[in-house]
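The values are calculated or read from the model by the stated rules, or taken from the named source; none is laboratory data. Only a predicted model underlies this, so the values are computations on that prediction, with no experimental measurement involved. A quick note on method: Cβ atoms are made from the backbone with ideal geometry, for glycine too, and the neighbour counts reach across all protein chains shown.
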């Protein structure tokens, strides 16, 4: 049988009270710590409010400083632009005044000559003829005042970030810099053995005619090779159509022009002479360009003509005689043909009927260039590639009248074709590579 233990009631009460009393101090100590922690939290909250207010004030003050600095920069830049505008407008006003005076003189001489022709007696007419004739010839042959197209150039170059609190700078004169180069000499992927013709193919593709590898190389705008089109002959001139992303290619010694679809398959080929003359009339096709209306123009140096064809099937529409051999060809926004004859070192600007409007011979350091190659235009100027010996190629910029503006690049290997991309970069087929230049 289990035994039970007993404790006196009064003793138990006394013992238990003592036991509970011993638990009070630790709990009271914990409560004291909790109170201090609560007081600390309250102080931290108070400090946080003060800190937040201080930091927000610092941010607002700094933002105000930045806004003030940015506004000050904005005002300075805008003031500089207005000063540039005023200065250039004054120069343009002088051009207008000079041209106006020249026009008035021409009109006065013309009116006088017409009046003398109509009203003077025969004896008076004969006595005045020599003087008036000389005056008219001098006026007709005078040099037209040349306007500097660069006066319209103005560009804002943004800063890389706002860390330095710089909005950017106003660029008052355009400058071209090499921004990318791809390709090397040789065979295989990513190499060229004669980058000759070049064309911008959308979207963001460049087509390069490689004469010695006998193919057209399709690259991304960044220079990555995407595909190739094998050619039977050596491809020379190349152009891209405006609507269906086709490539038009002329090959050395070939009587037909080939047109390739966007998937690089052959769409069709066409001759540049009437069907009855195919195989009978000698041709030497060197260049090709697409006109503003989408028709295809082909340069034939054997006959010294441009032939214009339908972009649908290549049907011959008309033939235009030109004054120099069209080794390279481009068209401006007014459908004037820009023709380069590398052998005669001449660039000819011809009207729609082939009539020469302007002719100029590029020079380097005052001396005629050895060769005159690719041409292109952006509507405000003409760009010409000119090899002048090994590793001494230049790209020059001329105004639309053929006046020299500036040298864009030099020291190129041997530049052939050139073209402008949709975003304004200048691409050069430089024999063993393609060089891309950008305005900065």
The lone exception for residue 353 - which of (1) modelled with pLDDT under 95; (2) in a strand (DSSP E or B) it fails: (2)
Residue 46 vs. criteria modelled with pLDDT under 90, surrounded by 10 or more Cβ atoms within 10 Å (Cβ to Cβ) and over 30 Å from residue 142 (Cβ atoms): no
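Every residue, every condition in (1) at positive phi; (2) at pLDDT 95 or above; (3) over 29 Å from the mean Cα position of the chain (by Cα), yes or no:
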| site | (1), (2), (3) |
| --- | --- |
| 225 | no, no, no |
| 231 | no, yes, yes |
| 238 | no, yes, no |
| 243 | no, no, no |
| 258 | no, yes, no |
| 294 | yes, no, no |
Residue within region 390-405 that is closer than 17 Å to residue 361 by Cα, assigned by TED's automatic domain parsing to the domain that holds residue 198 and touching a helix residue (DSSP H, G or I) at 6+ places or on another chain (Cβ under 7 Å) present: yes
Those residues of region 370-383 which are buried (at least 23 other Cβ atoms within 10 Å of the Cβ) and within 15 Å of the chain's Cα centre (by Cα), in sequence order: 375, 376, 382, 383
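Only residues that are surrounded by 15 or more Cβ atoms within 10 Å (Cβ to Cβ) and assigned to a loop (DSSP other than H, G, I, E, B): list them for region 280-321, please.
If the condition is that a residue be surrounded by 15 or more Cβ atoms within 10 Å (Cβ to Cβ) and assigned to a loop (DSSP other than H, G, I, E, B), then 281, 283, 284, 291, 295, 301, 303, 304, 311, 314 are the ones that fit.
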Residue list for region 108-133, restricted to those being loosely packed, with under 11 Cβ neighbours inside 10 Å and under 30 Å from residue 147 (Cα atoms): 111
Options 312, 281: the member that is without any contact (Cβ under 8 Å) to a residue 12 or more places away in the chain and either more than 27 Å from residue 194 (Cα to Cα) or not assigned by TED's automatic domain parsing to the domain that holds residue 199 (or both): 312
Residue in region 88-105 that is touching a residue at least 60 places away in the same chain (Cβ under 8 Å) and within 30 Å of residue 150 (Cα to Cα) present: yes
Subset of region 267-292 (residues that are over 30 Å from the mean Cα position of the chain (by Cα) and within 13 Å of residue 325 (Cβ to Cβ)): 283, 284
Filtered residues of region 182-203 (kept if assigned to a strand (DSSP E or B) and either surrounded by fewer than 14 Cβ atoms within 10 Å (Cβ to Cβ) or modelled with pLDDT under 90 (or both)): 184, 185, 191, 201
